[in-house]
Amino acid sequence: MTKLLRGFFFCAAAQEPNYDEAEVVSYTLPDPLVMSDGSPVATAEDWTAKRRPELLELFGREMYGVMPGVDRSRLAFETLRTDPVAFDGKATFKEVRIYFDAPNPAPKLDLLIAIPNKAEKPVPAFLLLNFQGNHTTDSDPWISISDNTEGNHTRGVNGEERRGYKKDRYPFEMIIDRGYALATAYYEDIDPDFDDQRQNGVHPLFAEFEKNVPEESRAATITAWAWGLSRALDCLETIPEIDAARVAVVGHSRLGKTSLWAGANDPRFAAVISNDSGCGGAALTRRNFGETIETINRTFPHWFCPKYKTYVGRTEELPIDQHELIALIAPRPVYVASASEDLWADPTGEYLSAYNADSVYRLLGTEGIGGAPAEPPEVDTPVGAVIHYHRRTGKHNLSEYDWAQYLDFADEYLPKKN
Ligand code: GTR
């Protein structure tokens, strides 16, 4: 970040979060079906050839940092271990290591994959990053303990004592029983979650691609995580039991922001699920409800590129808003979910994003949000079609209720097997 930008950003006055709907100032959303030069996007062809690339570029340049390419000659995958009788014989566990800079041993990502044994192969899959290491996602003693000691979430607390500690968020058996694989990896293996001025994780690998990208628009950490998700998909493409054309990328909270950005950039993701992703994810930035562009950039400056910080205090000048991030996933299925007590993430703003992406989905010939109204639905009442939404009762979390909806959604909207 340049000194000038830093100064501007840190001088911005800190404000109390607004949780009052009556205090949301009126705003005008940019129209996803109008080009930056004011010309209309009238056809699916206009969208695909002109507006989609324009919006993708804007989100990269102004917010997350431009998505780097990949040097495939430096990627390598190694199956480390296999357990054919996981979950009492219901599934096969694989641990596969992704080397991002082969033959160098680091950086790397260890993917834990559970594949249902009985289901007809290849199977569709959910891919999601986890917050504390693969061994925290289930109590099975077979799972290797993440050896990452650099991460924000794992420093000093990453041993046996954390095995299975977050298993409620990763209901392997529920997913396997429905015939899906679940692949997960520790997000800080891709890029540790703290501000180190882009020195650690995969950032050094981007140097060549970023030679012509201005510093203020270079890949921030959410982009690094999303880039890592695409490499995980590269890896899944090499596993014969997995149908890589039917992979739904899922993420909770900061990783929900990441799943949306990954899905926007990588059309190979067949569906995208964003759970309680909030500000910088599904929630509309212009509502300034709960977490805002100002607070998020103060607490997590590394998540977004320096250019984004220049919009603190002038959100109305942003050339984009988050409904257009969802539109970038069109026509593929997208699920946005909120929790009723998670006001920090602005459930109404999350719904309105999903709702306002509808015009693009319909232009591309889908049912979009299926005629659901502009008013957010009641709690625990999923609405929509290829764009789906629910607001679960309860707190900020990825719960069994959420997964039950995602499984039904995947059954209905993931492409059918060839
Ligand atoms: C919060 C942050 C949110 C969300 C959340 C999480 O502290 O303000 O934007 O990302 O963390 O990832 O758990």
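Give Ala283, Ala244 a once-over and let me know the one that is touching a helix residue (DSSP H, G or I) at 6+ places or on another chain (Cβ under 6 Å), surrounded by fewer than 21 Cβ atoms within 10 Å (Cβ to Cβ) and more than 20 Å from Arg51 (Cβ to Cβ).
Exactly one residue qualifies, and that residue is Ala244.
Within the set of pairs 6 or more residues apart or between chains, which connect a residue that is within 17 Å of Arg198 (Cα to Cα) inside the stretch 289-303 to a residue that is crowded, with 21+ Cβ neighbours inside 10 Å and basic (Lys, Arg) with Cβ atoms less than 9 Å apart?
Going by the 9 Å Cβ cut-off, the qualifying pairs are Asn297/Lys309; Phe300/Arg254; Pro301/Lys309; His302/Arg198; Trp303/Arg254; Trp303/Lys257.
So that you can scan it fast, the table gives a plain yes or no per residue for (1) assigned to a loop (DSSP other than H, G, I, E, B); (2) of a type in the set (Val, Ile, Thr); (3) surrounded by fewer than 18 Cβ atoms within 10 Å (Cβ to Cβ):
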{"position": "Thr92", "(1), (2), (3)": "no, yes, no"}
{"position": "Val96", "(1), (2), (3)": "no, yes, no"}
{"position": "Phe126", "(1), (2), (3)": "no, no, no"}
{"position": "Pro141", "(1), (2), (3)": "yes, no, yes"}
{"position": "Gly179", "(1), (2), (3)": "yes, no, yes"}
{"position": "Glu188", "(1), (2), (3)": "no, no, no"}
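Scanning the stretch 254-280 for residues that are among the β-branched types (Val, Ile, Thr) and over 24 Å from Asp31 (Cβ atoms), which turns out surrounded by the most Cβ atoms within 10 Å (Cβ to Cβ)? Don't jump to the end; show me each part of the working.
Here is the first cut: in the stretch 254-280, the ones among the β-branched types (Val, Ile, Thr) are 258, 272-273.
Narrowing further to those that are over 24 Å from Asp31 (Cβ atoms): 258, 273.
Details: Thr258: 32, Ile273: 30.
By that ranking, first place goes to Thr258.
Confirm whether Thr299 is within 16 Å of the ligand (Cβ to nearest atom), on the phi < 0 side of the Ramachandran plot and either β-branched (Val, Ile, Thr) or at pLDDT 95 or above (or both).
yes
Residue-by-condition table, conditions (1) under 20 Å from Pro382 (Cβ atoms); (2) touching a Gly at 6+ places or on another chain (Cβ under 7 Å); (3) acidic (Asp, Glu); (4) not in a loop (DSSP other than H, G, I, E, B):
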residue: Gly313; (1), (2), (3), (4): no, no, no, no
residue: Pro319; (1), (2), (3), (4): no, no, no, no
residue: Ile326; (1), (2), (3), (4): yes, no, no, yes
residue: Ala330; (1), (2), (3), (4): yes, no, no, no
residue: Val336; (1), (2), (3), (4): yes, no, no, yes
residue: Trp344; (1), (2), (3), (4): no, yes, no, yes
residue: Thr348; (1), (2), (3), (4): yes, no, no, yes
residue: Tyr355; (1), (2), (3), (4): yes, no, no, yes
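Could you check the stretch 260-293 and list, in sequence order, the residues that are assigned to a helix (DSSP H, G or I), more than 13 Å from Ser353 (Cα to Cα) and away from the ligand (no atom under 12 Å from the Cβ)?
Trp261, Ala262, Gly263, Ala264, Asn265
Quick check: is even one residue across the stretch 194-214 part of a helix (DSSP H, G or I) and small (Gly, Ala, Ser)?
There is no residue in the stretch 194-214 that is part of a helix (DSSP H, G or I) and small (Gly, Ala, Ser).
Any residue at all in the stretch 372-391 that is within 16 Å of the ligand (Cβ to nearest atom) and in contact (Cβ under 8 Å) with a residue 40 or more places away in the chain?
no
Find the residue count for the stretch 199-243, including only residues that are touching a residue at least 60 places away in the same chain (Cβ under 8 Å) and more than 21 Å from Gly60 (Cβ to Cβ).
So the count comes out to 8.
Would you check which residues across the stretch 356-377 are over 13 Å from Ala330 (Cα atoms) and buried (at least 19 other Cβ atoms within 10 Å of the Cβ) and list them? Lay out the reasoning, then the answer.
Pass one, the stretch 356-377, residues over 13 Å from Ala330 (Cα atoms): 370-377.
Hits for the stretch 356-377 are Ala372, Pro376.
Exactly one of these conditions fails for Ile239: (1) under 24 Å from Tyr389 (Cα atoms); (2) buried (at least 17 other Cβ atoms within 10 Å of the Cβ); (3) away from the ligand (no atom under 16 Å from the Cβ). Give me its number.
Among (1) under 24 Å from Tyr389 (Cα atoms); (2) buried (at least 17 other Cβ atoms within 10 Å of the Cβ); (3) away from the ligand (no atom under 16 Å from the Cβ), Ile239 violates only (1).
Scan the stretch 157-196 residue by residue and report those that are among the β-branched types (Val, Ile, Thr) and within 14 Å of Trp225 (Cα to Cα).
Thr184, Ile190
Which count do you get for residues in the stretch 143-177 that are outside any loop (DSSP other than H, G, I, E, B) and touching a residue at least 40 places away in the same chain (Cβ under 8 Å)?
8
Kindly evaluate Leu111 against the criterion of being assigned to a strand (DSSP E or B) and either of a type in the set (Ser, Thr, Tyr) or crowded, with 16+ Cβ neighbours inside 10 Å (or both).
Yes; evaluated as a whole, the condition is true for this residue.
The rows are residues; the columns are (1) modelled with pLDDT of 95 or more; (2) aliphatic (A, V, I, L, M).
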{"residue": "Arg6", "(1), (2)": "no, no"}
{"residue": "Gln15", "(1), (2)": "no, no"}
{"residue": "Arg52", "(1), (2)": "yes, no"}
{"residue": "Arg61", "(1), (2)": "yes, no"}
{"residue": "Val66", "(1), (2)": "yes, yes"}
{"residue": "Ala102", "(1), (2)": "yes, yes"}
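Looking at the stretch 357-408 only, could you name the residues that are assigned to a loop (DSSP other than H, G, I, E, B), over 18 Å from the mean Cα position of the chain (by Cα), small (Gly, Ala, Ser) and more than 16 Å from Leu325 (Cβ to Cβ)? Walk me through how you get there before you give the answer.
Going through the stretch 357-408, the residues assigned to a loop (DSSP other than H, G, I, E, B) turn out to be 357, 364-382, 385-386, 393-399.
In the following step, the residues that additionally are over 18 Å from the mean Cα position of the chain (by Cα) were identified as 364-382, 385, 393-395.
If we keep only those that are small (Gly, Ala, Ser) too, we end up with 365, 368, 370-372, 374, 385, 394.
Gly365, Gly370, Gly371, Ala372, Ala374, Ala385, Gly394 - these are the residues of the stretch 357-408 that are assigned to a loop (DSSP other than H, G, I, E, B), over 18 Å from the mean Cα position of the chain (by Cα), small (Gly, Ala, Ser) and more than 16 Å from Leu325 (Cβ to Cβ).
Of Gly263, Gly290, which residue is at positive phi and either touching an Asp or Glu at 6+ places or on another chain (Cβ under 9 Å) or modelled with pLDDT of 95 or more (or both)?
Being at positive phi and either touching an Asp or Glu at 6+ places or on another chain (Cβ under 9 Å) or modelled with pLDDT of 95 or more (or both) holds for just one of Gly263, Gly290, which is Gly290.
When the stretch 217-234 is examined, which residues are found to be touching a Cys at 6+ places or on another chain (Cβ under 6 Å) and either closer than 17 Å to Asp101 by Cβ or assigned to a helix (DSSP H, G or I) (or both)?
Of everything in the stretch 217-234, just one residue is touching a Cys at 6+ places or on another chain (Cβ under 6 Å) and either closer than 17 Å to Asp101 by Cβ or assigned to a helix (DSSP H, G or I) (or both), namely Ser217.
The values are calculated or read from the model by the stated rules, or taken from the named source; none is laboratory data. Remember, predicted model here, so these are calculated numbers, not experimental data. Every residue, glycine among them, receives a Cβ derived from its backbone with ideal geometry; neighbour counts consider all protein chains shown.
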